[in-house]
There are 2 protein chains.
Amino acid sequence: MSRYLDDFVVGEIYRTSGRKRVTAEEIKRFAQEYDPQPFHLDEAAARGSFFGELAASGWHTAGMTMRLLVDSDFKAANGLIGAGFEDLRWPRPVRPGDELRVETEVLEVRASSSRPDIGLVKVRMTTLNQNGEAVQIGVCNLVVPTR
Amino acid sequence: MSRYLDDFVVGEIYRTSGRKRVTAEEIKRFAQEYDPQPFHLDEAAARGSFFGELAASGWHTAGMTMRLLVDSDFKAANGLIGAGFEDLRWPRPVRPGDELRVETEVLEVRASSSRPDIGLVKVRMTTLNQNGEAVQIGVCNLVVPTR
């Protein structure tokens with residue numbers, strides 16, 4: 001369903017029905033290209049690191065979160081376009097075998113003062129693992145068209 | 001060079017010597033896996049979209065920024081570990097043919113009150129294209145070990 005600015009209501013919570021199961025192979029493949037640090041690439045090196053165990057790059061977690069959202073029915077009429085994040089945190093690492101889902105809560109709906117064709121929808125996107133623990137929390141302003 | 005908390009000085013600016021040239025093929029390949037929206041996948045669809053032209057996913061820009069930093073000598077002794085971002089924006093899109101580099105300014109150096117072995121270094125990371133225009137600005141707290 002394609003939503004316009006008016007269709008977003010403060011307090012609504014959208015939940016992805018999709019789940020993303022994370023493998024060690026995917027963690028390493030992402031890291032090789034975008035974040036080649038030992039604790040994202042190699043189990044043995046990770047054991048002696050800050051993380052204690054192989055952990056996904058935070059940017060990999062962000063990418064998997066985005067994919068879950070794009071595949072969900074949380075969509076504005078122009079797609080999912082973020083102007084930016086006011087806050088983006090990774091409270092705990094993503095490990096091989098984790099199963100991720102996303103909850104998105106609408107915090108604010110604002111018309112633009114300068115552009116009548118668009119507005120901003122502020123949302124909190126929380127990525128959760130199979131134990132219901134947050135692995136990423138982001139507060140984002142989405143660019144949404146008016147009707 | 002591996003740096004500890006004491007080695008970071010407020011006001012210092014680090015510049016990546018590396019440059020990342022972005023191709024349309026890479027933009028589409030990242031999008032297929034992590035952000036499969038038409039304006040990141042297809043030139044014709046992008047022309048009718050908010051972006052007007054093929055544009056990299058913001059998460060792709062974030063990943064390329066991370067790679068430039070990991071390959072640079074801006075490194076703490078434990079690697080580059082971000083606790084989170086206070087602000088993360090994409091002021092303009094990354095296009096095919098763009099050439100990216102990163103400037104990192106140290107904003108704040110703080111010891112941890114609860115853990116004597118680590119501290120936080122707050123930095124502003126600005127990703128610039130070949131025209132010196134910012135394509136990503138992030139204010140991040142890095143977890144850095146004490147000596």
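Would you be able to tell me the number of residues in segment B:5-21 that are in a loop (DSSP other than H, G, I, E, B) and under 14 Å from the mean Cα position of the chain (by Cα)?
Residues flagged as in a loop (DSSP other than H, G, I, E, B) and under 14 Å from the mean Cα position of the chain (by Cα) within segment B:5-21 amount to 3.
Here is a yes/no grid of residues against (1) over 28 Å from B:Val144 (Cα atoms); (2) of a type in the set (Ser, Thr, Tyr); (3) in contact with a strand residue (DSSP E or B) (Cβ under 6 Å, 6 or more places away or on another chain):
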{"residue": "A:Asp6", "(1), (2), (3)": "yes, no, no"}
{"residue": "A:Gly11", "(1), (2), (3)": "yes, no, no"}
{"residue": "A:Tyr34", "(1), (2), (3)": "no, yes, no"}
{"residue": "A:Asp42", "(1), (2), (3)": "no, no, no"}
{"residue": "A:Ala45", "(1), (2), (3)": "no, no, no"}
{"residue": "A:Gly63", "(1), (2), (3)": "no, no, no"}
{"residue": "A:Phe85", "(1), (2), (3)": "no, no, yes"}
{"residue": "A:Arg92", "(1), (2), (3)": "no, no, yes"}
{"residue": "A:Asp98", "(1), (2), (3)": "no, no, no"}
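Which one is nearest to B:Arg67 (Cα to Cα), of the residues in segment B:110-147 that are surrounded by 14 or more Cβ atoms within 10 Å (Cβ to Cβ) and among the charged types (D, E, K, R)?
That would be B:Arg124.
Of the conditions (1) closer than 22 Å to A:Ala56 by Cα; (2) touching a residue at least 24 places away in the same chain (Cβ under 8 Å); (3) not polar (S, T, N, Q), B:Pro91 fails just one. Which one is it?
With respect to (1) closer than 22 Å to A:Ala56 by Cα; (2) touching a residue at least 24 places away in the same chain (Cβ under 8 Å); (3) not polar (S, T, N, Q), B:Pro91 is out only on (1).
Considering segment B:83-105 alone, what residues qualify as being closer than 16 Å to B:Ile137 by Cβ, open to solvent by 30 Å² or more (accessible area, probe 1.4 Å) and within 13 Å of chain A (Cβ to nearest Cβ)?
B:Glu86, B:Asp87, B:Arg89, B:Trp90, B:Pro91, B:Arg92, B:Pro93
Any idea which of (1) facing another protein chain (nearest Cβ under 7 Å); (2) at pLDDT 95 or above; (3) open to solvent by 10 Å² or more (accessible area, probe 1.4 Å) is the one B:Asn78 doesn't satisfy?
For B:Asn78, the exception is condition (2).
Of (1) within 22 Å of A:Ile137 (Cβ to Cβ); (2) aliphatic (A, V, I, L, M); (3) at pLDDT 95 or above, B:Val109 satisfies all except one. Which?
(1)
Within segment B:5-52, work out how many residues are touching a residue at least 40 places away in the same chain (Cβ under 8 Å), within 24 Å of A:Trp59 (Cα to Cα) and either open to solvent by 80 Å² or more (accessible area, probe 1.4 Å) or not hydrophobic (A, V, I, L, M, F, W, C) (or both).
The number of residues fulfilling the criteria is 9.
B:Arg67 - would you say it is more than 13 Å from chain A (Cβ to nearest Cβ) and either open to solvent by 10 Å² or more (accessible area, probe 1.4 Å) or of a type in the set (Lys, Arg) (or both)?
no
I'm checking my understanding of the structure. Among residues of segment A:56-81 that are within 21 Å of B:Leu68 (Cβ to Cβ) and of a type in the set (Gly, Ala, Ser), which one is nearest to the chain's Cα centre (by Cα)?
If we take residues in segment A:56-81 being within 21 Å of B:Leu68 (Cβ to Cβ) and of a type in the set (Gly, Ala, Ser), then A:Ala62 is nearest to the chain's Cα centre (by Cα).
The values are calculated or read from the model by the stated rules, or taken from the named source; none is laboratory data. It should be emphasised that the depicted structure is a prediction, and the values quoted were computed from it without experimental measurement. Here the Cβ is made from the backbone with ideal geometry for all residues, glycine too, and neighbour counts use every protein chain on show. Surface accessibility is based on the protein's heavy atoms, side chains included, excluding ligands, DNA and RNA. Shrake-Rupley method; radii C 1.70, N 1.55, O 1.52, S 1.80 Å.
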